[in-house]
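One structure below.
The values are calculated or read from the model by the stated rules, or taken from the named source; none is laboratory data. This structure is a prediction, so every number in the text was calculated from the model and none was measured. Cβ: placed from backbone, ideal geometry, glycine included. Neighbour counts: every protein chain shown.
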Amino acid sequence: MKEQEKLDEAEYFYQRMIVEQNNQLYFKYNLSAFLSAARSVLQYAAKDVDPANTPSARPGAKAWYDCKITSSIILPFFRDTRDVNIHRSPVSPKSNTTLQVDDLFHAHFIDHVSLNGQAPAETPPPPAVVREKELKPPPPPPEYKFTDWSGTEDVPTLCRKYLGELEQFIKEGVSLGYISG
């Protein structure tokens, strides 16, 4: 159950990353927490499958674990990224922000202020107070990339793939009786 609990925690921080994409600092904080929680899934599993740590580990469990790690490009990448984040320096993904110029943007305000029910002498009273404001939609969130990832995926997409691999890892490990889940 401890692997699933850490996977759920990683999912929580992933969702916070998505919510905070427009705030680069908060995005980075949630990415750091995501990396740590997700890494714990494999660390708990490594203890479960290693006979030196768990005398009741099933035969073949350690070989299964090692094979799952080495056959993936995502699992070792995130393991190493988390280790850098914890032991060397905070991970700071590259971000590209798209700025949009919208020629249709305009703001038009007409305000009528009355003093004691009387319109100021210098302005004729409008027929009604009009407030019109047309705003452009917010810009898209920055695109975050890991500088040392060779693929085309951005950080949120790659993190989603990592969560998927961890979920499959847990399901398989539990079904084989290698990990507690």
**OP:** Could you look through the range 60-77, keep only residues that are touching a Leu at 6+ places or on another chain (Cβ under 9 Å) and among the small types (Gly, Ala, Ser), and pick out the one that is surrounded by the fewest Cβ atoms within 10 Å (Cβ to Cβ)?
**Re:** 60
Subject >> Tally, over the range 36-93, of residues that are at pLDDT 95 or above and touching a strand residue (DSSP E or B) at 6+ places or on another chain (Cβ under 9 Å) >> reply: 0
**OP:** Scan the range 79-108 and report the pairs whose first residue is within 26 Å of residue 65 (Cα to Cα) and whose second residue is at pLDDT below 95 and among the charged types (D, E, K, R), with Cβ atoms within less than 8 Å and a gap of 6+ or a chain change.
**Re:** 81/148
**OP:** Name the strands (runs of 3 or more DSSP E) wholly inside the range 104-181 in which the number of residues that are at pLDDT 95 or above and under 30 Å from residue 10 (Cβ atoms) is 3 or more.
**Re:** none
Original post:
Do you know which of the residues in the range 10-59 that are of a type in the set (Lys, Arg) and not in a loop (DSSP other than H, G, I, E, B) is surrounded by the fewest Cβ atoms within 10 Å (Cβ to Cβ)?
Top reply: 47
Original post:
Among the residues of the range 49-84, how many are touching a Lys or Arg at 6+ places or on another chain (Cβ under 9 Å), over 15 Å from residue 161 (Cβ atoms) and not hydrophobic (A, V, I, L, M, F, W, C)?
Top reply: 6
**OP:** Go through the range 165-181 and count every residue that is surrounded by fewer than 15 Cβ atoms within 10 Å (Cβ to Cβ) and closer than 19 Å to residue 80 by Cβ.
**Re:** 0
